[in-house]
Amino acid sequence: MPSIDAFRTKRGRARLTGDAVVFDESVAGYARALYRDYWRSDAWWRKAVFVAYALWPVVVVGWCGGLVLELARGGTDPVWAAGGALVVAAIVALAWGANYARGFRSPDRVSLDAVTGVAATRGETGLTRPRLVLTYEAGGGTRKRRVNLPSLLTPAGEDSYERAVAAFAERGFDVEA
């Protein structure tokens, strides 16, 4: 019987049941993880990271509001503003489309029988996040599920990565590191 039945992810938890891996992830789970890992930490710099995460939506909304006010006053050319918004939207759509074309999906449940491979990337502290990529068969083709784990900057980051790798290794998967 495997000893690890769950591990933390960036946005919540992943639970390994007898026949599947189930992802309990949400925006609320992401907010809870940020609060737990950064704000409740004893390190002042983690609290600063939490404040930055909390303030960036305010800054973006303020910037967009300022742009709308500037457009209403006639101080900015609407064609340039619309063109900039279209460029940003096109970049986001292309990035999403490229991931979709590469087979990445985000199901909430993946059958362990369908999993054909597990790749783990530890990441670089402060630069990239630890993650797993599950390769599985679904819908007549090969799909992938990216599982982002807590940052190595958080107190539980290293442990979450080790638990995730061990959870799949215990179930007989050859985890590529």
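The values are calculated or read from the model by the stated rules, or taken from the named source; none is laboratory data. Source: prediction; values computed, not measured. For neighbour counting, all protein chains shown are included, and Cβ atoms are generated from backbone atoms with ideal geometry for every residue, glycine included.
Miscellaneous remarks
- Subset of segment 56-76 (residues that are more than 30 Å from residue 34 (Cβ to Cβ) and among the small types (Gly, Ala, Ser)): 72, 74, 75
- Scanning segment 25-51 for residues that are under 20 Å from residue 148 (Cβ atoms), charged (D, E, K, R) and part of a helix (DSSP H, G or I) yields a total of 4.
- Restricting segment 122-148 to residues that are outside any strand (DSSP E or B) and touching a Gly at 6+ places or on another chain (Cβ under 7 Å), the residue that is modelled with the lowest pLDDT: 129
- Test: residue in segment 160-176 that is in a helix (DSSP H, G or I), under 27 Å from residue 37 (Cβ atoms), within 19 Å of the chain's Cα centre (by Cα) and of a type in the set (S, T, N, Q): yes
- Residue match in segment 76-92 (condition: in a loop (DSSP other than H, G, I, E, B) and at positive phi): no
- For segment 46-62, a residue qualifies if it is exposed (fewer than 10 other Cβ atoms within 10 Å of the Cβ) and not aliphatic (A, V, I, L, M), and exactly one does: 57.
- Qualifying positions in segment 122-148 - β-branched (Val, Ile, Thr) and free of Cβ contacts under 8 Å to residues at least 12 places away in the same chain: 128
- Here is the figure for segment 153-166: residues that are at pLDDT below 95 and of a type in the set (A, V, I, L, M) total 2.
- Residue that is farthest from residue 28 (Cα to Cα) [pool: residues in segment 1-16 that are part of a loop (DSSP other than H, G, I, E, B) and not β-branched (Val, Ile, Thr)]: 1
- Segment 128-149, residues that are within 22 Å of residue 17 (Cβ to Cβ) and within 15 Å of the chain's Cα centre (by Cα): 131, 132, 133, 134, 144, 145, 146, 147, 148, 149
- A residue that is surrounded by 14 or more Cβ atoms within 10 Å (Cβ to Cβ), farther than 30 Å from residue 143 by Cα and out of contact with any strand residue (DSSP E or B) (no Cβ under 8 Å at 6 or more places or on another chain) occurs nowhere in segment 85-96.
- In segment 81-101, the count of residues that are hydroxyl-bearing (Ser, Thr, Tyr), under 17 Å from the mean Cα position of the chain (by Cα) and within 30 Å of residue 35 (Cβ to Cβ) is zero.
- Considering segment 121-177, the residues that are among the aromatic types (Phe, Trp, Tyr) and touching a Lys or Arg at 6+ places or on another chain (Cβ under 7 Å) include one that is nearest to residue 50 (Cα to Cα), namely 161.
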